[in-house]
Amino acid sequence: MATSNFESIRARAVWRTCLAPAFRTALACSIVGVATLFGPECFKTQVAFPAFSYVTVILVVTNATLGDTLRSCWLAIYATIEGVCPAILSLWLIGPARLTASTTATAVALSAFVVVLPENTHLIAKRIALGQLVIVYVIAYINGGQTKPVMHPVHVAASTAVGVVACVLALLLPYPNLACCEVKEKSRLFVENAAERINLFVKAFSAEDNTSALALISQAKSLVINGPKLLQAIKSKQESMKWERFPFKFLRPYGENPGEKFQEIQAPLRGMEIALENSSPFPVSILNTELKDGLEKLGDHISKQIKNMSLDESATVPESNAHDAEKFLQTLQTLQPTKKDLPSLFFLFCLKLLLNKQISPLSAKQEEYIGSNKQIDHHQEGFMRKLWNKLAITINSRRFMAAFKCSLSLGLSILLGSIYSKENGFWAGLPVAISLAATREATFKVANVKAQGTVLGTVYGVLGCFVFERFVQIRFLSLLPWFIVSSFLSRSRMYGQAGGISAVIGAVLILGRQGFGPPSEFGIARITETFIGLSCSIMVEILFNPTRASTLVKIQLSNTFKTLHQCIDSITFSSSNKNNLEEIHKNLKFHVNELGKFIAEAEAEPNFWFLPFSSGCYGKVMESLSKMMDYVLFGSQALRFLQQHSTSSVDWNNLDNDLMLYKDLIGTSTKCYAEVSLVKSLAILDKEFEKKKLPIDLELGKSSSYNIRASSSEEGILNSYLQHSNELADFIVNVDGNKSDEKLKGQLVLSLSALGFCMESLVKETKETEKAIKEIVQWENPSCHVNLYDIACKVRALANTETNLNE
């Protein structure tokens, strides 16, 4: 019964989520339809391209709030200045009568290159400008000498303006769809979600048996999935809220997006989840009566603290409650942690972070601290300047290639589309123009869903015209159910946003049009021209970006392991290395996110004659890397606390030596994985190795015994680390002769245990990664025996030989 109720609630939520944007889209298109179909003749004369008004509506209003639409007004003005204004000058200089298919395609391609090249121009502005260019030049080519060089582009700008105004009205009626209201609602849901997760996690941690603990953890799973989604939705509205703040001054209390503040909650909750996954069996051994009572008070205090969080004020729970809740730390000062206690202490460490909310990797205070303590010598500063210059060149070349590919694909689309059908040639270029992507996409998949969406929408439009053949004036109403269907298509895994938008445009351009001839002929012409445009995009992408996503995954995986190796190597008690660890962790997060994007693209990539992509194995690697990234983050937080309580008299050498042993275990593997990940064929590698008759370095060969050494040395390293941790905690507390600071020692025990747990978990995930990497190499080389460390030795030997030859 409970499951049925949950499903009904979820179904209603999905319907509400889809119906709201569908209604706004329908209203905006209806405004355009009424204005362009039933408006006065003078108005319809100025808005000569209602089809582009509909396209503008779909580009702007899809999943938008009022703030997004207000921003889009400015973007449309900017796009018009960038697209229409130069076109007026070009048409006046060239003369519409002298335009041919080739000159039109060239003019569009050159203009598109100028539009796409700038780095900071918003994607919506680029899409609108490109669409305007297609309409201006191709329609001028179709009409020839009858085209007015000034008024024709002005009519395109007017059509764009009608679409944008319709979007603003649709977002205002019947009541404003404000981003701040969405953020407020999502914030309330996130706060409730976070508070409930904390309660469930604390109850699971305090459970008396495994059955109760697992039941509570399972109950929290759905909340764990929804939390990050809500947080992402809150962050995505940050820019929109800024645009709403100016015209609506009464919204100023909600002018700040709480996404960053909530991120400080999300990360420790993830840590608590990890701790419970590694805690067994229940009940927890360290949980005595006093600690259990303190834990319940602390959990209750943090839940109230989070529930009191709002958009305009911070938590206002009395400090006395916080002081009472923290008393449990005093019970930890007598604890001598063992290996099985580390997950439990890591759980308490994350709970303590929640109390202080200091988990954000680079908060404003930390950035200020880093800035005030940054000391770089001239040599290092010179290196950073060289690195930045090199990066700037890379960015410029990347932007140049993106602009060149867009201009070439758009030019080819218009050229071939105009050759096929002069009257409908712009339908080949328009899909390419309005579907410009900000980043690399799964080319074949996106083209496929766009084609399918266009066909679905066009067929629906033709059927709608047939059903309402006698009621031409009201056939526009048949679009209303299609907006709902397309909204669901946009959220589906099969079609996504690209397919959903194509489906909407396909139907709107048929049912909201006049003067294009019979609907069936127009529909077939549109489908054909769309196919020409998408084919040109695919061809250009293959010619200028021939590297498959599966190959990019291997390259990115190697880069990620190299960055992870740097991260692990930077974990040290030396305070001078603190800022470096923060920056490298930020770089690691970037590489892991990029790897996830490439894996998703490779999964959607067709195999053709290539070896199928091993998505399961790469998924395991991605999961392990994500966990390792979390462990590095929490480890750096523990280090920060320890460094804050460090004095010149504290000797970190023993613990640094223990960390060095851990880093040797992990670093040997990550360096090996980075080298092995780039190997395409073991047969070719062996052939090259035999051809050059290279000996394997005995020092490098020692790494092949890693698995044998690791299992026997991990236990000894951990025991040594725990012993030195206890000694150091006693020393720091007693260094000033203050033996009564039990709270400080409890905090030291938590931080040192959390660091030990993170290092131990990093070793564990390294082993899991090794299994996945071995599966990948075996999948790509089914007839070869796979030994990762022997492969790495051969790769290193060949690399050293090439280096010596180059020297």
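Summary of computed values
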{"read-out": "Counted charge near GLY596, where neighbours are those whose Cβ lies closer than 12 Å (Asp, Glu -1; Lys, Arg +1)", "value": "-2"}
{"read-out": "Residues listed by number, segment 174-198, amide nitrogen under 20 Å from VAL224 label point at 7 Å toward C-beta", "value": "190-198"}
{"read-out": "Cβ-defined net charge surrounding THR121, 12 Å radius [Lys, Arg +1; Asp, Glu -1]", "value": "+1"}
{"read-out": "Pairwise FRET efficiency - PHE466 versus THR103, Cβ, R0 = 45 Å, nearest 0.05", "value": "0.70"}
{"read-out": "Per-peptide average of other Cβ atoms within 10 Å, ordering 54-65, 590-601 highest first", "value": "54-65, 590-601"}
{"read-out": "Residue pairs, from the table LYS671/LYS771; LYS221/LYS663; LYS203/LYS589, whose Cα atoms sit over 23 Å apart", "value": "LYS221/LYS663; LYS203/LYS589"}
{"read-out": "Euclidean distance of C-alpha centroids, segment 477-509 and segment 213-234, integer Å", "value": "30"}
{"read-out": "Separation between Cα centres of segment 396-463 and segment 533-559, rounded to whole Å", "value": "17"}
{"read-out": "Cα centre as origin, Lys/Arg/Asp/Glu Cβ charges: segment 109-241 dipole, Debye", "value": "280"}
{"read-out": "Label-point separation in nm, LYS771 to CYS784, each point 7 Å along Cα→Cβ", "value": "2.3"}
{"read-out": "Residue exposure sequence - VAL763, VAL777 - by fewest surrounding Cβ within 10 Å", "value": "VAL763, VAL777"}
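Coordinate-derived values only; no laboratory data. Just so it is clear, the model here is predicted, and its values are computed rather than measured. For neighbour counting, all protein chains shown are included, and Cβ atoms are generated from backbone atoms with ideal geometry for every residue, glycine included.
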